[in-house]
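Notes follow once the structure below has been shown.
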Amino acid sequence: MLTKVYSAALVGVDAVEVEIEVNLTKSDMGRVFIVGLPDTAVKESKDRVFTAVSNSGYWRPRGTTTINLAPGDLKKEGPSFDLAIALGMVALREKLDPAVLEDYCMVGELALTGAVRPVTGVLPIALEARKRGKKALLVPRENVAEASVVDGLEVYGVSDLREAFEHLHSGNGIYPVKVDVDALFSQTSSYDVDFADVKGQAHVKRAIEVAVAGNHNLLMIGPPGTGKSMLAKRLPTIIPMMTLEEAIETTKIHSISGMLEGRRSFLTTRPFRSPHHTISDVGLLGGSNSPRPGEVSLAHNGVLFLDELPEFRRSTLEVLRQPLEDGRVTISRASGTMTFPSNFMLVCAMNPCPCGYMGDPKRECRCSSGQIQKYRQRISGPLLDRIDLHVEVPLVEYKELSGEATGESSDTIRERVMAARARQQERYAGAPKVTANSDMTPKLMKEFCRVDEESSHFLEQAMNDLNFSARAHDRILKVARTLADLDHREAIGSQDILEAIQYRTLDRNLWV
């Protein structure tokens, strides 16, 4: 006797359909075999499944049971196949119509009591089920909100094995759950912080607005206590709200990482990741034996904030080059090659020297020139070249801190940013991979970053006097293009070039 059920396995940030064949042959041995490249967790499922089947009131199949997980060349990991295997065994014993099982995909871990426990990666599994033409998805109740955002698929949440089988057998008892995506965005897309909370630092806010408007990377330099971290945490509040496609992409990554819970079962706000400076290369980039997303992928469509930048290991910082250039991370292991999306905005903060008080008018710097130079050299030139704006963050005067005046709200700043982004989207409509000024190719720069004679003279003088690299030259032009967009101008003016040059603090050696 043979029956088939369907589940899915995670491969990177996507899922692949797995056909589970359960075959029972008459035998006195009563053995169970699981084939199809299962890992240890899948091999152990036979003990969980048989106990759960018995404790749910179903007869345990007698004879030799062979469970095949196809395709056979794809490694199957984790306990998410428990529910499908158990339903296949019960369906075989109870003689359930095989046509019913054709329409369903099912995932979930089983407790020994038969209760269904939540699993990771439900959103990509739901997308795969819809792609394969399945009509319905059975998932643990805790995962139902995450999967129900997928349109065109009936999602049923089950609490135990008996409830799942009774639904397949009679179609009664539980109903599909559907989430109103528009309502979900309106309820959960707000932030707890706002730029109106920040006192002073007008020129830093201007630099942040420019950075967000053109999706440029940003480095803030200043002594401790000047508000660098406070400013960085508010940066996502002025990025345009996520689209449904971006929200699904971001939620998929967090889902396979097991980071969704409660009301955050579907991400509608930009992620903000701030790893500690002791993080490893694998933690930042992703990897391990079974590759999983790192911080650069968890920050996809959001912000990656590296505080105390020189304290990170140099080798760790160097792995950022590929995701900064390509917007994705490719990890190769013996088990295969995985590619994770990592299109994020990099925001960094650092002190001007090891003690932090160089240039402070009130506190004396205790660092020698050699110590300062060594501190700066922890950050490589190629990485600095990939950061478009370097801005100094000074101490805020007491009058500004104690004053009643508040700055512009995040909503006000976001409106200007969205207007600038709209101009860019219209300009690059014919280049699908280019969505903002920071993404411009050399060909597009020749077309859209033309400068007049006066601007060209300023740029040439800066290149010769300040020893800018070729990459820094391109970054200046891209930032100048963004400055013009914020002012609703098609032509880049000399004032845009001069302001863009001012945002290359480290290249100008102003604080050595």
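The values are calculated or read from the model by the stated rules, or taken from the named source; none is laboratory data. Here the structure is a predicted model, which is why all the values come from computation and not from measurement. In this analysis, Cβ positions are derived from the backbone assuming ideal geometry, glycine residues included, and neighbour counts consider all displayed protein chains. Ligands, DNA and RNA are stripped out before the accessible areas are found, and what is left, the full protein with its side chains, is counted by its heavy atoms. Shrake-Rupley method; radii C 1.70, N 1.55, O 1.52, S 1.80 Å.
When you check SER380 against the structure, is it closer than 28 Å to SER469 by Cβ, open to solvent by 80 Å² or more (accessible area, probe 1.4 Å), among the small types (Gly, Ala, Ser) and out of contact with any strand residue (DSSP E or B) (no Cβ under 9 Å at 6 or more places or on another chain), yes or no?
Numbers: closer than 28 Å to SER469 by Cβ: yes; open to solvent by 80 Å² or more (accessible area, probe 1.4 Å): no; among the small types (Gly, Ala, Ser): yes; out of contact with any strand residue (DSSP E or B) (no Cβ under 9 Å at 6 or more places or on another chain): yes.
For SER380, the condition - closer than 28 Å to SER469 by Cβ, open to solvent by 80 Å² or more (accessible area, probe 1.4 Å), among the small types (Gly, Ala, Ser) and out of contact with any strand residue (DSSP E or B) (no Cβ under 9 Å at 6 or more places or on another chain) - is not met.
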Considering each of ASP73, ASP47 in turn, give the residue that is charged (D, E, K, R) and either part of a loop (DSSP other than H, G, I, E, B) or touching a Lys or Arg at 6+ places or on another chain (Cβ under 8 Å) (or both).
ASP73
Inspect all residues belonging to the stretch 182-195 and state whether any of them is modelled with pLDDT under 95 and touching a strand residue (DSSP E or B) at 6+ places or on another chain (Cβ under 9 Å).
no
If you scan the stretch 248-295, which residues turn out to be over 13 Å from PHE340 (Cβ atoms), open to solvent by 40 Å² or more (accessible area, probe 1.4 Å) and outside any loop (DSSP other than H, G, I, E, B)?
GLY262, ARG263, ARG264, PHE272, ARG273, ASP281
Taking the conditions exactly as written (at pLDDT 95 or above and either assigned to a strand (DSSP E or B) or surrounded by 15 or more Cβ atoms within 10 Å (Cβ to Cβ) (or both)), does LEU304 satisfy them or not?
yes
Which numbered condition in (1) buried (at least 19 other Cβ atoms within 10 Å of the Cβ); (2) outside any helix (DSSP H, G or I) is the only one that SER438 fails?
(2)
Kindly evaluate VAL107 against the criterion of being open to solvent by less than 10 Å² (accessible area, probe 1.4 Å) and at pLDDT below 95.
no
Can LEU69 be described as buried (at least 19 other Cβ atoms within 10 Å of the Cβ), of a type in the set (A, V, I, L, M) and closer than 19 Å to ASP160 by Cβ?
no
Go through the stretch 346-371 and give me each residue that's under 16 Å from VAL391 (Cα atoms) and open to solvent by less than 30 Å² (accessible area, probe 1.4 Å).
LEU346, VAL347, CYS348, ALA349, MET350, ASN351, PRO352, CYS353, GLY356, ASP360
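Residue-wise test of (1) assigned to a helix (DSSP H, G or I); (2) without any contact (Cβ under 8 Å) to a residue 40 or more places away in the chain; (3) open to solvent by less than 30 Å² (accessible area, probe 1.4 Å); (4) closer than 18 Å to GLU490 by Cα.
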residue: THR412; (1), (2), (3), (4): yes, yes, no, no
residue: ARG421; (1), (2), (3), (4): yes, no, no, yes
residue: LYS443; (1), (2), (3), (4): yes, yes, no, yes
residue: LYS446; (1), (2), (3), (4): yes, yes, no, yes
Pairs please, first residue from the stretch 179-193 and more than 18 Å from ALA147 (Cβ to Cβ), second anywhere and surrounded by 11 or more Cβ atoms within 10 Å (Cβ to Cβ) and β-branched (Val, Ile, Thr), Cβ atoms under 6 Å, 6+ apart in sequence or on different chains.
SER189/THR268; SER189/THR269; TYR191/THR237
I'm told LEU395 meets every condition in (1) farther than 28 Å from ASP474 by Cβ; (2) of a type outside the set (Val, Ile, Thr); (3) open to solvent by less than 10 Å² (accessible area, probe 1.4 Å) except one. Can you identify the failing condition by its number?
(3)
Among residues of the stretch 155-170, those that are in contact with a Leu (Cβ under 9 Å, 6 or more places away or on another chain), among the small types (Gly, Ala, Ser) and farther than 20 Å from ALA99 by Cα, counted:
1
For the stretch 138-164, which positions are within 22 Å of THR51 (Cα to Cα) and open to solvent by 10 Å² or more (accessible area, probe 1.4 Å)?
ARG141, SER159, ASP160, ARG162, GLU163
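Restricting the search to the stretch 173-198, which residues are under 15 Å from LEU137 (Cα atoms) and either aliphatic (A, V, I, L, M) or not in a loop (DSSP other than H, G, I, E, B) (or both)?
Narrowing the stretch 173-198 to residues under 15 Å from LEU137 (Cα atoms): 174-179.
Across the stretch 173-198, the qualifying residues are ILE174, VAL177, VAL179.
Output the number of residues of the stretch 448-472 satisfying the condition of being open to solvent by 70 Å² or more (accessible area, probe 1.4 Å) and either outside any helix (DSSP H, G or I) or β-branched (Val, Ile, Thr) (or both). So that I can check it myself, show each step before the final result.
So in the stretch 448-472, the residues open to solvent by 70 Å² or more (accessible area, probe 1.4 Å) come out as 450, 452-454, 457, 460-461, 464-465, 467, 470-471.
Checking which are either outside any helix (DSSP H, G or I) or β-branched (Val, Ile, Thr) (or both) leaves us with 450, 452, 467.
Residues that pass the stated criteria total 3.
Could you pull out every one of the strands (runs of 3 or more DSSP E) wholly within the stretch 318-393 that has 3 or more residues that are of a type outside the set (Lys, Arg) and at pLDDT below 90? Can you show your working first?
Values: elements: 328-333, 336-341, 345-350, 389-392.
The qualifying strands (runs of 3 or more DSSP E) are 328-333, 336-341.
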